[in-house]
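Structure record follows, encoded as structure tokens.
The values are calculated or read from the model by the stated rules, or taken from the named source; none is laboratory data. Please read all numbers here as calculations on a predicted model, not as lab measurements. Here the Cβ is made from the backbone with ideal geometry for all residues, glycine too, and neighbour counts use every protein chain on show.
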């Protein structure tokens, strides 16, 4: 290792130590993360994980609808209107996009209505 590399490595280490000390001080001043919060999270049974899973589910619904609208010539004013039109038989219950079939592990012949129920 050359002298310049060891110098550079030493500077990075020093910077890392300074940064770590500043973060620790900031966490202490703001009481974050405090032990009470950690205990409450552990007692909640991981509710944050459930919230993240629900957010991911909603994100996939949005991506699915964006994919459908992108390929659909008819302008659709809202997701609800579109599904109601399917129920009334005014719009064909088209095959689900591959992204939705893969994400929700739907049958290969799944339809848009199946995506809504996933």
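Scanning segment 87-110 for residues that are in a helix (DSSP H, G or I) and more than 17 Å from residue 67 (Cα to Cα) returns a single hit, 87. For residue 62, the conditions (1) at pLDDT 85 or above; (2) under 14 Å from residue 115 (Cβ atoms) are fulfilled apart from (1).
Pairing residues of segment 52-75 that are in the same structural domain as residue 99 (by TED's automatic domain parsing) and over 13 Å from residue 99 (Cα atoms) with residues that are loosely packed, with under 13 Cβ neighbours inside 10 Å and modelled with pLDDT under 75, at Cβ distances under 9 Å and at least 6 apart in sequence or on separate chains, gives 69/75.
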